[in-house]
Amino acid sequence: MNNNAPHKIDSTFELLREGYHFINNNTDQFQSNLFETRLMGQKVICISGKEAAQIFYNSEWFQREGAAPKRIQKTLFGEQAIQSMDGEAHIHRKHLFLSLVTPLHQKYLAEIVMGKYLSSLSKWEKKKRIVLFDEVKEILCNAACQWAGVPIPDSEVKKRAEDFSLMVDAFGAVGTRHRKGRQARTRAEEWIKGVIEEVRTGKLKAVEGTALYEMTFHKNLTGQQLDEQMAAVELINVLRPIVAISTYITFAALALHDHPECKRRIIAHESGYPENFAQEVRRYYPFGPFLGARVRKDFSWNHYNFSKGRLVLLDIYGTNHDPLLWDNPQRFNPDRFKEWDGNPFDFIPQGGGDPANGHRCPGDGIAVEIIKTSLDFLVNRIDYDVPEQDLSYSLTRMPTLPKSGFIMSNIRRKELN
């Protein structure tokens, strides 16, 4: 091991104290894009930046098997899910996910989301105020299920949306939040397993091409169907991330509130601006703090020897705010994406690299389309007031959100020209 590498004895409490800034605080301190430490008693290497992302997504050097802690698998991902797969098996499973998120699928889902927004408007107009985050996670849960072909009674939408949200909320949690996330996953898996069983026994018809059908009848490389548990885990890995976009939408509403000039440019239908705005929301605001992988084989990078089996954490938040990559990164500026070249390693809100061959989340396009649809609704379809509230968000809580959830009052619909 390179003795000159920056080293800390144990950073567990520092991580809890500093949250999203933990890795980049240390890389700034050491003037290095990597350092060694221990977290929860385990030796780890923390890396940050574009070059770090490039090596992190090199499948010759890194693997995902054994990287995600059991506590994350039991809440966010599900056990033995696609996020922990490597090699041909991973690519085969990834192609299944990619087949479900083509541009046509994205457009269809966005249309469903807009329909759900418009259907909710009459209810919102009658209320004194709403909490946007709470409303949107239910809208996205309902829309995701319809799009995926999963039947869900109106009476169950709220509790299913809450369970998906609790799984996401648990990824950086200990204690009560973690326990709630595990309980939520158990409930969701039992529900979805029941749906898959009904499809396989003919009690429920699934439409070919929907996520429900494709997950139910998907075959692995050996030609065997996934068992009901695994099919349920992966179907949840389609539904849950869609519900999680409610966080980005809440931050998008905050950005519109804090930057009224952005709203005027969306109203003016400035070409390309809604997409640039959506991308800047994903860059600027915090969601995932970092990602983990294990070293597949010994190699050297940046004068440092990476040992087989070592856990490595890639700094998502710090890379998206790296001043070497982004001009004035602490400023919210959608126009920066006018010139962005689409590099898959300097902008990594949902992971980096090629989603077809690597571990980048295949849902990037869906996130952008749903944020754009939400912007259209918030800016062009309704007017509303933003009452006094606590819109601050903590960078020590992972994941984070504006404390109020973004309260809106006096909601009224606009007449379309």
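Annotations for the structure displayed:
- GNM flexibility winner over the chain from ASP163, ASP258, ASP322 (Cα, springs under 10 Å): ASP258
- Cα shape, the stretch 12-413, gyration tensor, a/c 1.5 rule: oblate
- Under DSSP loop assignment and at most 16 Cβ neighbours within 10 Å, longest GluC sites (Glu not before Pro)-free interval of the chain: 80-207
- Candidate aspartates and glutamates for bridging to LYS414, where Cα separation is under 18 Å - those fewer than 8 sequence places away on the same chain excluded: GLU125, ASP376, ASP383, ASP385
- For the pair ASN328 and ASP10, label points projected 7 Å from Cα toward Cβ lie 4.4 nm apart.
- Taking N as the residue count of the stretch 328-414, its C-alpha radius of gyration divided by 2.2 N^0.38 Å amounts to 1.39.
- Counting charges near GLY49 (Lys, Arg +1; Asp, Glu -1) among other residues having Cβ under 15 Å from its Cβ returns a value of -3.
- Cα pair distances exceeding 21 angstrom across the stretch 175-301, given as percent: 62
- Within the shell of other residues whose beta carbon sits under 11 angstrom from the beta carbon of GLY363, the net charge comes to 0, with Lys and Arg scored +1 and Asp and Glu -1.
- Length gained on full extension, SER271 to GLU198, computed as 0.36 nm times the residue gap minus the Cα-Cα distance: 21.7 nm.
- Exposure proxy for THR396, THR102, THR247: other Cβ atoms within 10 Å of each Cβ, ordered fewest to most, give THR102, THR396, THR247.
- Gaussian network model of the chain, Cα within-10 Å springs - most flexible of ILE82, ILE316, ILE266: ILE266
- The chain, helix-only ellipticity at 222 nm - DSSP H runs n ≥ 4, -39,500 (n - 2.57), divided by all residues, nearest 500: -15000 deg cm²/dmol
- Each Cα pair under 8 Å and six or more residues apart adds its sequence gap; the mean of these over the residue count of the chain is a relative contact order of 25 percent.
- Amide N of the stretch 388-417 lying under 12 Å from the label point, which is placed 7 angstrom from the Cα of LYS128 along Cα→Cβ: 410
- Farthest positive-ward along the chain dipole, Cα basis, beta-carbon charges - from MET398, ILE267, ILE249: MET398
- For the stretch 241-382: rounded, prolate or oblate by the Cα gyration tensor [a/c cutoff 1.5]: prolate
- Out-of-range pairs (alpha-carbon distance over 25 Å; input LYS70/LYS158; LYS74/LYS123; LYS107/LYS263): LYS70/LYS158; LYS74/LYS123
- Top of THR27, THR176, THR373 by mean-square fluctuation, Gaussian network on the chain, Cα under 10 Å: THR176
Quick note: the coordinates plus some simple rules give every number you see, no bench work behind them. Keep in mind that what you see is a predicted model, and the values were worked out from it rather than measured. Ideal geometry is used to build each Cβ from the backbone, glycine not excepted, and the neighbour counts take in all protein chains shown.
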